[in-house]
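Heads up: the structure comes next, in structure tokens.
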Amino acid sequence: MSIDLSGCLRQKLHDLEAALNRVILGKPELVTSTLICLLARGHILLEDLPGLGKTTLAKALAAALGGQFARIQCTPDLLPSDVTGFQVFDQNRREFQFLPGPVFSDILLADEINRTSPRTQSALLEAMAERQVTIDNQARHLSESFFVIATQNPVDQHGTYPLPEAQLDRFAMKLSLGYPDRDSESRLLSEAVGHARQEREAIEPVMSLNDLQQLQREASSVSVSDTVRSELMDLVAAVRGNRRFANGLSPRAVLMWQRLAQARAFLNDRKFVIPDDPRAVATGLLRLRISGHGDVDSVINALLDEIPVSPLQTPSRLVS
Amino acid sequence: MKKIQTNPRLYFATVVIAAIMAACAIFIIENARILAYEELSTNIYLYRSLGCLLLALAGYFLTFWGKGGKAITLLLALACQSPLTLYFYEGLRFGQFPPFEKTILFVIECQIAVLGLYVVNAATRRICMILAGIVGLIAYSSIQEMTPLLSLTMFLLTILTPAWMILEHALANPVIQFQSHETEALKSASSRRFMPLLRVGCYLVLGTITFTVVKSDRAIQTVLGEWVSSSGGTGETNELATSGVGDGPNEVSASKDPQTTGFSDSEIYLETDRSSLFDAFNEQYGEPFKKQKFERMQAMGAQDVRENGDRPKENLQAGRTFELSRQPNQQKKRNLQDRQADALVYVQGEPETRLKLSSFDRFDGESWFTEHDCTDNCSLTIEQKNPDKCWFCLNRPLSDLNSKTVSHKIKIANLETSVLPSPNNLWKFLVGGIRQSEMFGWAGVQMIRVRDRNFPAGTTLETVSNRLSRRALHELHFHSGKGPTRHHEHFSGRFSQIDTASVKNLLDSWNVGSEKSWLQVEKLISRLQNHARLDDHQQQTMNNTVRPKGAIDDFLFGARKGPDYLFATAAVVLLRELGYPCRLASGFYIDPASYSEEKAHYALNSGNLHFWVEILLPTNQWVVVDPTPGFTDELHSDSLYDIAWIWFYYTRAWFFSNYIAIFLASLTVMTLFLKRRHIYDRAVCLWLIRIMPFQPRRQVVLTLRHIEWRLSCSGMPRPKGCTIRRHWLGTLSLNGPTASLIPLAEWAAYSALEIEPDQPGNEIRSVCRRSLEELNLNHFSKLRSEKK
């Protein structure tokens, strides 16, 4: 690929970041994490209180990518066919016709995913992992850039179905928005003056889905040196040895870990992964797999701090 | 250390018990050692045991604190080397190394105790403590005389060891509280109950076997052999098994009346070929070289020769001189019926003592001559304390130098002598039942003889003498005495035939210092021992024409080997050159190897003749100096405290004499020490900036490493789980050239080799240089104080 094309794509990526930052005020880290997941082709689980902008983020992302946006509001009586779609009999043509469900979109927002039954949750499994659904023994492919943002509410636990481990493993990161800081919130308020509708300004698409796929391909080709990879393996071993991670860490998750690290390096205009990358994405990744409650992040950070960063090697040793 | 968190009370109990065990073991070992050698002062093992106990408790509290565990272990390990240090100190300082096995035993016991107490690894600790117990057990079983305290200690050790094992085991396997599976909990509980019992059993069996094997006076194979049926008899013989009257120790037992002992029945009285001291000299060292009267001889004609028929007369006038040139010692042919010569003298008492029989003060380069006539009235007082025994005391002032009295019982057997064979610094003596002090006179300065006769064979003598303390000798000022005594000039004479210039050169090259002190004497003796080699079979056959300068010149500058009288003579020559009044003494050396178990005495014959040197101290006392290698001196052994004091004494003297140089040197060392980081830093910077022609990747990594080193020197090291970018930009918020250095660093350290840097080489170099210059130690220390 030519340098110009690559530079142009990068510019689009930064435009996307800027656009999202305009919508979600004061949360650049969250935006970065979202983009990392997007580049690594991993899905996001957002866990936060209502009204903090989860849906806004998803819609803004869909709009900026120029892709199709769909939303499922998960309720206990939601059925799998409501998610995947179903066959109806067309009286005129006298044949079954397929009505595609919300998964046939580019960006899917599954709101309050833990409110629906495990049966419906499982319907998303195949879609998330393999980007296809099987209806009546017929596999139907989803969009190549299919991307799920699921949300769940952490406080109101009554009548919820916690996500099974199989489902959790298909997510790449678990993120939370949190309250905006004082400045951002006051800016939000000042911008709201004069706008009757709750809708914020419309976002113009900054890149096409093809561009996104191109970027994803490039991100996956970022190089990972042996030093960094062995450090990643140390981290993996430490996680698996920790009793808080009773369910372990699947090779799929480890693969996702490396992809996320590559995506972070790509996002920072680097051609190689540095030890900062796996550590930076580890919190989001490991939040999904840790068991128990309490201050999960501090446990993860303590775990990461235990593992030494790979030492600075003299180049002579590198050469050999 | 994690164990402390599990159960501190249990840990404390274990440590206390282990400390007591170690103390017990050391107590027993020390006892065994001291009873075997009778060398150290009697309470020192008590102090050592208590010291070990205190160290152990201190160590416990420090480990409990959780700080400095490694440092403490290191310190204690170093402290344990003190016996080794002492060993080398004594060896280098006095030229004689103390028995090595004693040192090693002590080192081992200390090491075991320390390892047992401080090693974090529980398995090693257990092995160490068991070893300490077994060493203690072996030592215990080798003690002959048992005291109640010892038995109590051993009992304590026996009780404590199993208790400690159970505790250790409980400590190593804390009760698992979060165990969910009951079966596993049951299993571990049963193993907990079983394991210590097994170990205690093993220990007891092992201990019993060791005890039986070591304590039993018969060899183990004898014990085992008795299990096998045989025709009888174990094949053992005991050379001490004697029977009959006047046999064994009774034969020479010292008693008052010589006529009542076994000697009256022996053949000694039938033919009185008792040998004088000079006969013994001839037997040991060969006969003196007789000077030829004529240089050349020619045979006479047969007609001029008149056969005499008689045996030529022997020269019995060997008298009171001792010639250094002697004829080869001819080995006599022995017939089968010949019996070994009986001893000349039998002695009971402290071994490694010298019994003086004659002394020489004048030397003409070739022969020694006996002392000047001594006209002192022999002023002896009779000690009235004991009416049965009549002790004669020599009137001599009590001196600080005396530290210990030793007594000897001497029985004159085959020696024809009128001189009382007495140790140096004789205090009082007893000769059979003699009560008349008029019978005694002076044979030399502070040497007693019996007047007008010889001691009859079988006479028993008892002597009490003083040993001098080495520490007091070191403290003695050789200049500040009461001035030269009356005898001083006799023992300071120089020797006209010795080449003074070459002796002086030799002394200069030995670098013994100019200040007269005991240290100088010891240095001189040890240099002399290194200079020449002891050779008892040196044949002094050459006459004066072959060796024109004399025996002593040849010994010092030529062959550099010879028997003990040459060593002693050379020492006198050198000591007098340095200004010490001294004399040559000869007599018997009580060699521990000459102890006859059969007679329970030291049997001394002509092979025990020895020559040594005596120095006249300013306090008018003589001190024995033995320059011959392999012979210990007669000074009283010092305690550790005394040795430390001697060290301190000389260190202080050295300090005051060199204080300017010491001040300058320590100033330099202090400056270097305080500025060591800056010096190293400058050196590395110079290397990295000026000399380095590295490839860019290597250069960046080395720069980065050096800056990391500076950070850790400034007390802000990068935590092990923290990346460079996070630490520098996040925690430290460094600025300046950091922004351009960090991406370079990440590229150099973590990218694959084929990835090229974004900047050209010279730009990389300039970034490195700027970083090294700006992110220096001062910058970091300022940063640190700001953060505080």
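Tally up the residues in the stretch B:348-365 that are at pLDDT below 85 and of a type in the set (Ser, Thr, Tyr), please. So the answer is 0. When residue B:755 is tested against the conditions (1) among the hydrophobic types (A, V, I, L, M, F, W, C); (2) out of contact with any helix residue (DSSP H, G or I) (no Cβ under 6 Å at 6 or more places or on another chain); (3) more than 8 Å from chain A (Cβ to nearest Cβ), the lone failure is (3). Quick check, is residue B:635 surrounded by 20 or more Cβ atoms within 10 Å (Cβ to Cβ), touching a residue at least 60 places away in the same chain (Cβ under 8 Å) and more than 14 Å from the chain's Cα centre (by Cα)? Considered against the rule, which asks whether it is surrounded by 20 or more Cβ atoms within 10 Å (Cβ to Cβ), touching a residue at least 60 places away in the same chain (Cβ under 8 Å) and more than 14 Å from the chain's Cα centre (by Cα), residue B:635 comes out as no. Between a first residue in the stretch B:735-749 that is more than 12 Å from chain A (Cβ to nearest Cβ) and a second residue that is crowded, with 20+ Cβ neighbours inside 10 Å and among the small types (Gly, Ala, Ser), which pairs have beta carbons less than 8 Å apart while being 6 or more apart in sequence or on different chains? Partner pairs satisfying both residue conditions: B:736/B:771; B:737/B:771; B:738/B:771; B:741/B:771. Within the stretch B:573-600, if we keep just the residues that are under 20 Å from residue B:458 (Cβ atoms) and under 27 Å from the mean Cα position of the chain (by Cα), the residue that is surrounded by the most Cβ atoms within 10 Å (Cβ to Cβ) turns out to be B:588. Residues of the stretch B:713-727 that are small (Gly, Ala, Ser) and either within 23 Å of residue B:697 (Cα to Cα) or facing chain A (nearest Cβ under 10 Å) (or both): B:721 alone. Taken as a whole, the stretch B:752-771 holds no residue that is under 59 Å from the mean Cα position of the chain (by Cα) and of a type in the set (A, V, I, L, M).
Here residue A:250 fulfils each of the conditions (1) buried (at least 22 other Cβ atoms within 10 Å of the Cβ); (2) more than 9 Å from chain B (Cβ to nearest Cβ); (3) not basic (Lys, Arg) apart from (1).
Is it the case that some residue within the stretch B:651-665 is part of a loop (DSSP other than H, G, I, E, B), over 30 Å from residue B:752 (Cα atoms), touching a strand residue (DSSP E or B) at 6+ places or on another chain (Cβ under 6 Å) and not basic (Lys, Arg)? There is no residue in the stretch B:651-665 that is part of a loop (DSSP other than H, G, I, E, B), over 30 Å from residue B:752 (Cα atoms), touching a strand residue (DSSP E or B) at 6+ places or on another chain (Cβ under 6 Å) and not basic (Lys, Arg).
If only residues of the stretch A:289-304 that are at pLDDT 85 or above and surrounded by 14 or more Cβ atoms within 10 Å (Cβ to Cβ) are counted, the one that is farthest from the other protein chains (Cβ to nearest Cβ) is A:299.
On inspection, residue A:230 passes the criterion of being within 14 Å of chain B (Cβ to nearest Cβ), among the small types (Gly, Ala, Ser) and surrounded by fewer than 23 Cβ atoms within 10 Å (Cβ to Cβ).
Of the residues screened, residue A:259 is not one that is closer than 19 Å to residue B:758 by Cβ, in contact with a helix residue (DSSP H, G or I) (Cβ under 7 Å, 6 or more places away or on another chain), modelled with pLDDT of 90 or more and more than 10 Å from every other protein chain (Cβ to nearest Cβ). Against the criterion of being away from every other protein chain (no Cβ under 14 Å), within 23 Å of the chain's Cα centre (by Cα) and within 23 Å of residue B:752 (Cα to Cα), residue A:280 does not qualify. Of all residues in the stretch A:63-99, those satisfying the criterion of being of a type in the set (A, V, I, L, M) and within 22 Å of residue A:121 (Cα to Cα) are A:70, A:72, A:78, A:79, A:83, A:99. Within the stretch A:265-277, residues that are over 10 Å from residue B:750 (Cβ atoms) and within 9 Å of chain B (Cβ to nearest Cβ) reach partners that are modelled with pLDDT of 90 or more and assigned to a helix (DSSP H, G or I) with beta carbons closer than 9 Å, at six or more positions or on different chains, in the pairs A:271/A:265.
Yes/no matrix, rows are residues, columns are (1) closer than 15 Å to residue B:780 by Cβ; (2) surrounded by fewer than 18 Cβ atoms within 10 Å (Cβ to Cβ); (3) within 11 Å of another protein chain (Cβ to nearest Cβ):
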{"site": "B:674", "(1), (2), (3)": "no, yes, no"}
{"site": "B:678", "(1), (2), (3)": "yes, yes, no"}
{"site": "B:681", "(1), (2), (3)": "yes, no, no"}
{"site": "B:691", "(1), (2), (3)": "no, yes, no"}
{"site": "B:708", "(1), (2), (3)": "yes, no, yes"}
{"site": "B:711", "(1), (2), (3)": "yes, no, no"}
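Residue B:730 fulfils the conditions (1) under 27 Å from residue B:788 (Cβ atoms); (2) away from chain A (no Cβ under 11 Å); (3) exposed (fewer than 12 other Cβ atoms within 10 Å of the Cβ) except for a single criterion, (2). Applying a threshold of 6 Å to beta carbon distances and a minimum spacing of six or more residues, or different chains, the list of pairs starting in the stretch B:452-469 at a residue that is within 24 Å of residue B:350 (Cβ to Cβ) and ending at one that is surrounded by 21 or more Cβ atoms within 10 Å (Cβ to Cβ) and of a type in the set (Gly, Ala, Ser) reads B:463/B:422.
The values are calculated or read from the model by the stated rules, or taken from the named source; none is laboratory data. Source: prediction; values computed, not measured. Positions of Cβ are backbone-derived with ideal geometry, glycine not excepted, and every protein chain shown enters the neighbour counts.
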